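Notes follow the structure.
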Amino acid sequence: MATKLKKIVLDPLSENNPVTIQILGVCSALAVTVKLQTALVMAISLTTVTAFSNLAISLLRNTIPSKIRMIVEMVVVSVLVILADQLLRAFLYDVSRQLSVFVGLIITNCIVMGRLEAFALSNPPWPSFLDGLGNGLGYSSVLIVVAAVRELLGTGALLGFRVLPESYPTNGLLLLAPGAFMVLGLLIWTQRTLAGIRKDD
């Protein structure tokens, strides 16, 4: 049982990553990775929402009529997203402004809804919570890597601290949308190559 639970958490970090393997949540992965700070906040927000929405839906799974299950799922996710957004506005207002609408758009993130449909509706609460946590962490790992590469090579700094020497010629392209596509594309290619996944699989 412990091995199964461990696999539920760790699989999304490598062999079944929601972004690099399943190609889900790509839009937000591109949009919020200009700075590592915003990527970290988005990662924590989505991981929290995914884990607790999975838990809530799993607890309710035997009482939700199948015809309205999507509506119930949206309500649960919406409540959690609103809470996350209000907490960010209260304690990290500047970061909240930088994230703009993207925290609110967690409601429509296919990773969140996908895990509710694929796992939480048919599994007990604890494994469901771990599944949400694992997939959130898998998404977070991609966000953090992409943001770190973009900010470091784009500005020569990380989290406001100078890392590369002053003589480093910053690469402004990495701070623009094409830079995000290139970094994420290389990361997806690397992950899928290491996992032995071919285009026709």
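The values are calculated or read from the model by the stated rules, or taken from the named source; none is laboratory data. Everything quoted here is computed from the prediction, not taken from an experiment. With ideal geometry, Cβ positions are generated from the backbone for all residues, glycine too; neighbour counts draw on all protein chains shown.
Observations
- Whether a residue is surrounded by 22 or more Cβ atoms within 10 Å (Cβ to Cβ) and either part of a helix (DSSP H, G or I) or at positive phi (or both) was assessed, and Gly114 does not pass this test.
- Flag if Asn17 is in contact with a Gly (Cβ under 8 Å, 6 or more places away or on another chain) and assigned to a loop (DSSP other than H, G, I, E, B): yes
- Qualifying positions in region 23-79 - outside any helix (DSSP H, G or I), more than 20 Å from Val95 (Cβ to Cβ) and not aliphatic (A, V, I, L, M): Arg61, Asn62, Thr63, Pro65
- Filtered by the rule that a residue be of a type in the set (A, V, I, L, M, F, W, C) and over 16 Å from Thr38 (Cα atoms), region 87-113 gives Ile107, Cys110, Ile111, Val112, Met113.
- Filter result for the condition that a residue is modelled with pLDDT under 95 and crowded, with 22+ Cβ neighbours inside 10 Å, over Ser66, Ser45, Ser58: Ser45
- Close pairs from region 119-147: first among the aromatic types (Phe, Trp, Tyr), partner at pLDDT below 95 and surrounded by fewer than 18 Cβ atoms within 10 Å (Cβ to Cβ), Cβ under 8 Å, at least 6 apart: Trp126/Leu5
- Ala84 vs. criteria within 16 Å of the chain's Cα centre (by Cα) and farther than 14 Å from Ala39 by Cβ: yes
- Where Asp94 falls short, out of the listed (1) within 17 Å of Ala43 (Cα to Cα); (2) under 18 Å from the mean Cα position of the chain (by Cα): (2)
- Of all residues making up region 146-179, the number that are small (Gly, Ala, Ser) and not in a helix (DSSP H, G or I): 4
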